[in-house]
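Encoded as structure tokens, the structure appears first; notes follow it.
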Amino acid sequence: MNILWLTWKDRSNPESGGAEIINEELAKRLVKDGHTVIFLVAGFKNCKNEEIKDGYKIIRLGSRWSVYWQAYKYYKKNFKNTYFNLVIDEINTIPFFAKFYVSSVIPAKAGIQKSTRVVLFIHQLCREIWFYQIFFPLNLIGYLLEPIYLWLLRDRKVITVSESTKKDLMRFGFKEENIKIIPEGIELEPIKDLENIIKYENPTILYFGAIRAMKRPDHILKAFEIAKKEIPNLKFKIAGAGEGNYFKKFLKLINNSKYKNDIEYLGKVDKNKKIELMQKSHILCVTSVKEGWGLVVTEANSQGTPAIVYDIDGLRDSVKNNETGIICEKNNSENLAKNIIKIINTDQEYKKLKLNSLEFSKEFNFEKSYYFLILNN
């Protein structure tokens, strides 16, 4: 197949996350099997305009917000007469609306018509996220427009990564038979067993991910401060890049905490440090507003660390409550702190969660993701 993939970011983008890992792991396998893959993505500071990675091509256009218009113009100028078997319109906040400008049928010289399929790839819908990540009035405009553009695209076949997102899409008019779920993959190799994993000397909570408002790491900080009263030697490690007002406020909260000496902000870390943190920490906490799956949960599980998460879309897919981790009864710092205390102080329960979460993580790999992608396309 000749594949055109429209998405907001590529893996080299400083703001990239789990979705970009999945995209490029799948693209790598597509190329290995003889397919051609071209990404159209947003540019970023000091980026290369074009790049070949693992056999697939990345073309960077415009910026975070202009990439949608720039992709349309680039397609019309450079790809109008190019035949793509498959065009993937990945929705990360905003769709590219590729179905309205990609030529669905191209007449061949021999009289044979070739058709192009335009499918959507959606990890999660935005809804509440608009009010955390975008300023007024754009957040309200985005929130109100989302149901409209989803209605316009409801005739498309969709690839997604969780049952939560599938149900979300069905609420907006997508047919169940048109939505296919591919399992997530993880780039970390699951440990063989728990015998050789040594945790930090003191019980340690880990937050791993971008420092953004929709991730709500401030909720974890507050939960840590509450739990610290019951567990005096509790520590909190934070890994992830950040910028903007929320990031500055979060750093200020850390600095003003009476337990700041037991909090360590590490910034963005490399893969080796990521593995160390996920192996040695006792609990991962995730308090996002919404997730497609919650890839960081499965990654931490693969290194022998269970998660305590909020009861939101995506996280209720990546965690089996009271089996592989804990899903909070209420999405607030007080309930999160209660569960932290419970897990740290209940050795037998903690051992069960560690073992079950490790075994669950072994079900997820990119080979399986790729198999399901090909099966459904």
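The values are calculated or read from the model by the stated rules, or taken from the named source; none is laboratory data. Owing to the predicted nature of the structure, the values given are computational and were not obtained by experimental measurement. Cβ: placed from backbone, ideal geometry, glycine included. Neighbour counts: every protein chain shown.
Summary table
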| read-out | value |
| --- | --- |
| Strands (runs of 3 or more DSSP E) fully within region 251-330 counting 2 or more residues that are out of contact with any Cys (no Cβ under 9 Å at 6 or more places or on another chain) | 263-265, 283-286, 325-327 |
| Residue tally, condition under 18 Å from the mean Cα position of the chain (by Cα), hydrophobic (A, V, I, L, M, F, W, C) and over 23 Å from SER369 (Cβ atoms), over region 284-330 | 3 |
| Qualifying residue in region 226-237 (condition: more than 25 Å from the chain's Cα centre (by Cα), assigned to a strand (DSSP E or B) and not small (Gly, Ala, Ser)) | yes |
| The lone exception for ILE52 - which of (1) assigned to a strand (DSSP E or B); (2) of a type outside the set (S, T, N, Q); (3) touching a strand residue (DSSP E or B) at 6+ places or on another chain (Cβ under 7 Å); (4) more than 21 Å from ALA98 (Cα to Cα) it fails | (3) |
| Every residue from region 29-44 that is among the β-branched types (Val, Ile, Thr) and either within 17 Å of PRO95 (Cα to Cα) or outside the structural domain of SER16 (by TED's automatic domain parsing) (or both) | VAL41 |
| Residue check, GLU90 among the charged types (D, E, K, R), farther than 26 Å from LYS157 by Cα, assigned by TED's automatic domain parsing to the domain that holds GLY18 and touching a strand residue (DSSP E or B) at 6+ places or on another chain (Cβ under 8 Å) | no |
| Some residue of region 194-206 being assigned to a loop (DSSP other than H, G, I, E, B), under 30 Å from LEU120 (Cα atoms) and not polar (S, T, N, Q) | no |
| Qualifying positions in region 171-188 - exposed (fewer than 15 other Cβ atoms within 10 Å of the Cβ) and either in a helix (DSSP H, G or I) or in the same structural domain as LYS354 (by TED's automatic domain parsing) (or both) | ARG171, GLU176, GLU177 |
| From the options PRO190, PRO232, PRO203, PRO147, residue that is within 22 Å of GLY292 (Cβ to Cβ) and modelled with pLDDT of 95 or more | PRO190 |
| Within region 21-72, considering residues that are basic (Lys, Arg) and surrounded by fewer than 18 Cβ atoms within 10 Å (Cβ to Cβ), the one farthest from TYR83 (Cα to Cα) | LYS45 |
| Residue within region 257-265 that is polar (S, T, N, Q), surrounded by fewer than 24 Cβ atoms within 10 Å (Cβ to Cβ) and either under 23 Å from GLN124 (Cβ atoms) or touching a residue at least 12 places away in the same chain (Cβ under 8 Å) (or both) present | yes |
| Only one of ASN322, ASN339 that is surrounded by fewer than 24 Cβ atoms within 10 Å (Cβ to Cβ) and on the phi > 0 side of the Ramachandran plot | ASN322 |
| Hey, GLU367 out of contact with any Cys (no Cβ under 8 Å at 6 or more places or on another chain), more than 26 Å from GLU230 (Cα to Cα) and surrounded by 21 or more Cβ atoms within 10 Å (Cβ to Cβ) or not | no |
| Restricting region 331-375 to residues that are in a loop (DSSP other than H, G, I, E, B) and farther than 20 Å from ILE186 by Cα, the residue that is farthest from the chain's Cα centre (by Cα) | THR346 |
| Candidate set: region 1-49, residues that are small (Gly, Ala, Ser) and part of a loop (DSSP other than H, G, I, E, B); chosen: the one modelled with the lowest pLDDT | GLY17 |
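So that you can scan it fast, the table gives a plain yes or no per residue for (1) charged (D, E, K, R); (2) closer than 17 Å to PRO217 by Cα:
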residue: GLU264; (1), (2): yes, yes
residue: ILE275; (1), (2): no, no
residue: VAL296; (1), (2): no, yes
residue: VAL309; (1), (2): no, yes
residue: ASP317; (1), (2): yes, no
residue: ASN322; (1), (2): no, no
